[in-house]
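Just below is one structure, and these are the notes that go with it.
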Amino acid sequence: AVRQGRDGRWYSVYGPAQSILAIPLYVLGRASAAGQPPDAVRAAEVRWCCGLNPLLTALTAGLLCWWLLALGVPESAAVATALGYAMATMAWPYAKTFLSEPLSASCYLLAAMACDRRNRFAGLALCAAVLTRPHNIVLAPLFALWAAAPRDGGRWSPRAAAEVLLPVAAAAIWWVSFNLLRFGRPLDFGYLARIQGDFSPLALPMGIFGQLFSPGRGLIWYAPPALLGLWGWTALRRRDSWLAGALLVACVAQLAFYSLRSTWWGNWCWGPRYLMPILPLLAPFAAFGAAHAPRKLAIALTAFGALNALAGLVVYNGLYQDLIMKRFGSFGPLLWNPLWAPWIGHWRVVGRAGVDLMAWQALRADAAFGLAFIALRLAPAGAGVWLLTRV
């Protein structure tokens, strides 16, 4: 994932925020392999850096629970929604990757929490989101309007909007300057040209339908608890119409933007990759819905989501998609045929392709690291289950 710049040096095609956050884990990895051959040191650095996304996912779930409680969601529904985000949606499989979606989700959640209280840190959170993935700038104007909106009969606050937009503008200026320096074009972020310019209004209807309903990438299959939002919309709107409207517009904007891509399915990924960052923004709808929807339905949707997320966890999605491409020559069956949808197909190949349990692989490679690797994943889950039993 690098590309050669005009100065002959090689540059990453990804934003710097995630790499900066991984520096402490990188240092720990290097220290754990001190005195070993260079290849062993590099492997340790990579293994430790892969601990970032589990921590981010756990952090997002914890902050989400805190925010939901502040919004007046019943305690049991808040804890269940936070755990549902972490373990009954595509957030769980993405926690084992080094993709940027978990960090984008954390940034969006922090920005939403700050905007809800008109806190100046919303701009910093969105700045981090843009430095994680430049396309995240799409939601910045919406968050600025949200932050500036009148509260309790007050007036619009241009200052609040400026506090959101100025840090984002600084991130945008950095991107443009960096792109000019390395590639000579302000909007060349390093990806292949056909990927960077792959947007067309003609793709919009299929992109929207596919990201919501297709068996291979539909939100309803990879984040079933989000359906509880159908019961929660009215309750959230009654509590705070601005909050409900802002969250809904942000989610629709994210869906529409990425639906303009002809490759709306996200290529080699699990579920609707481009919608994963807005799962925390859908959570308040789901949380209020969990308090109003039939209890058995809420449990069934969460259990179904956990089973599907587990399918993405135990089998590497790239391996399964390679099998589909080899057999059919296209992604078509994976996207539209329920029998070949990943959340079903992964279970079909468990015995044949092997189970992708990174913890077991880590234990075999390095016992000390393997135990730390497992602890980083089990501790948040254990804490969540304990909280659920307490409420």
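The values are calculated or read from the model by the stated rules, or taken from the named source; none is laboratory data. This one's a predicted model, so the numbers in the text were calculated from it and none came from an experiment. Heads up, the Cβs are rebuilt from the backbone with ideal geometry, glycines too, and the neighbour counts pull from every protein chain shown. Quick note on the areas: whole protein, heavy atoms, side chains included, nothing else; ligands and nucleic acids left out. Shrake-Rupley method; radii C 1.70, N 1.55, O 1.52, S 1.80 Å.
Keeping the other protein chains in place, figure out the carbon and sulfur percent of the accessible area of the chain, with a 1.4 Å probe. Display every interim value, and only then the final one.
Working: 12730 of 18500 Å².
In the chain, the share of accessible area belonging to carbon and sulfur is 69 percent.
Using the heavy atoms of the protein chains and a 1.4 angstrom probe, tell me the accessible area per residue for the chain in square angstrom. All intermediate terms of the calculation are to be shown ahead of the outcome.
On the way: 18500 Å² over 391 residues.
Solvent-accessible surface per residue comes out at 47 Å².
Looking only at the range 112-130, which residues have a backbone nitrogen under 20 Å from a spot 7 Å from the Cα of Leu69 in the C-beta direction?
Inside the label zone: 112-117.
I'd like the accessible area for Ile20: 1.4 Å probe, protein heavy atoms, all chains in place, Å² to the nearest 10.
100
Quick check of the Kirkwood formula: for the range 221-345, what is the inverse mean of 1/r over all pairs of different Cα atoms, in Å? Numbers along the way, then the final one.
Working: mean 1/r = 0.0627 Å⁻¹.
Taking the inverse mean of 1/r over all distinct Cα pairs, the range 221-345 comes out at 16.0 Å.
So who's got an amide H within less than 5 Å of the one on Tyr11, skipping anything under 5 residues away but keeping other chains? H placed 1.01 Å off N, in plane.
Result for Tyr11 returns Arg3, Gln4, Gly5.
Leaving out ligands, DNA and RNA but keeping every protein chain, what accessible area does His135 have, in Å² rounded to the nearest 10, with a 1.4 Å probe?
So the heavy atoms of His135 present about 50 Å² to solvent.
At 222 nm, what value in deg cm²/dmol follows for the chain if DSSP H runs of at least 4 each add -39500 (n - 2.57) and the sum is divided by all its residues, to the nearest 500? Working shown, then result.
Details: 23 runs with 269 residues, N = 391.
So the helix-based figure for the chain works out to -21000 deg cm²/dmol.
Given the Cα-Cα distance of Ala256 and Val314 and 0.36 nm per residue of separation, how much length would full extension add, in nm?
Details: separation 58, 0.36 × 58 = 20.88 nm, distance 3.10 nm.
Here the segment from Ala256 to Val314 would lengthen by 17.8 nm.
So what is the relative contact order for the range 116-194, in percent, with contacts set as C-alpha pairs under 8 Å and at least six apart?
Details: 84 pairs, mean separation 24.3, N = 79.
Dividing the mean separation by the residue count of the range 116-194 yields 31 percent.
Considering only protein heavy atoms, with the full assembly of protein chains and a 1.4 angstrom probe, order Trp10, Trp268 by accessible area, largest first. Write out the running numbers ahead of the final one.
Values: Trp10 160, Trp268 115 Å².
Result, largest first: Trp10, Trp268.
Rank Trp340, Trp66, Trp231 by accessible area, highest first, at a 1.4 Å probe radius? Don't skip to the end; give the middle numbers.
Working: Trp340 50, Trp66 150, Trp231 105 Å².
The ranking, largest first, comes out as Trp66, Trp231, Trp340.
Along the positive direction of the dipole of the chain (beta-carbon charges: Lys, Arg +1; Asp, Glu -1; about the Cα centre), which of Ala309, Pro338, Phe178 reaches farthest?
Pro338
Let me have the relative contact order for the chain, percent, based on Cα pairs under 8 Å that are six or more residues apart. Let's see the in-between values first.
Working: 614 pairs, mean separation 73.3, N = 391.
Reported relative contact order: 19 percent.
Which Rg and Dmax, in Å, describe the Cα atoms of the range 3-59?
Spelled out, the Cα radius of gyration and Dmax of the range 3-59 are 13.7, 40 Å.
What relative contact order, as a whole-number percentage, does the range 150-268 give when Cα pairs under 8 Å and 6 or more residues apart are counted? Please report the intermediate quantities before stating the final value.
Numbers: 79 pairs, mean separation 31.4, N = 119.
Computed over the range 150-268, the figure is 26 percent.
Multiplying the sequence separation of Arg348 and Thr234 by 0.36 nm and subtracting their Cα-Cα distance, what value in nm do you get? It would help to have the intermediate numbers written out before the result.
Working: separation 114, 0.36 × 114 = 41.04 nm, distance 4.01 nm.
Taking 0.36 nm per residue and subtracting the Cα distance, the gain is 37.0 nm.
When a/c is below 1.5 the answer is rounded, else prolate if a/b is larger than b/c, else oblate, so apply that to the range 118-229 with a ≥ b ≥ c taken from the square roots of the Cα gyration tensor eigenvalues. It would help to have the intermediate numbers written out before the result.
On the way: a/c = 2.42, a/b = 1.09, b/c = 2.23.
Oblate shape, in that a/c is at least 1.5 and b/c is the bigger or equal ratio.
Could you give the distance between the Cα centres of the range 127-173 and the range 199-268, to the whole Å?
Cα centroid of the range 127-173 versus Cα centroid of the range 199-268: 21 Å apart.
At q = 0.11 Å⁻¹, work out log10 I(q)/I(0) for the chain with the Debye formula, treating every Cα as an identical point scatterer and leaving solvent out; two decimals please.
The calculated log intensity ratios at q = 0.11 Å⁻¹ are -0.84.
Given H placed on each backbone N at 1.01 Å, which residues far from Arg261 in sequence or on other chains put an amide H within less than 5 Å of it?
Result for Arg261 returns Ser200.
Determine how large the accessible area of Cys251 is when every protein chain is in place; take a 1.4 Å probe and give Å² rounded to the nearest 10.
Estimated to the nearest 10 Å², Cys251 gives 10 Å².
When the label point is put 7 Å from the Cα of Val249 along its Cα-to-beta-carbon vector, which residues of the range 225-240 have a backbone N closer than 20 Å?
Once the point is set 7 Å along Cα→Cβ of Val249, 233-240 turn out to lie under 20 Å by backbone N, inside the range 225-240.
What are the DSSP H helices in the chain that stretch 24 Å or more along their long axis, judged by alpha-carbon atoms, and whose average Kyte-Doolittle hydropathy comes to at least 0.5?
Values: long enough: 52-70 (27 Å, 1.56); 158-183 (36 Å, 1.10); 241-259 (27 Å, 1.59); 295-314 (29 Å, 1.40); 367-390 (33 Å, 1.35).
Flagged H segments are 52-70, 158-183, 241-259, 295-314, 367-390.
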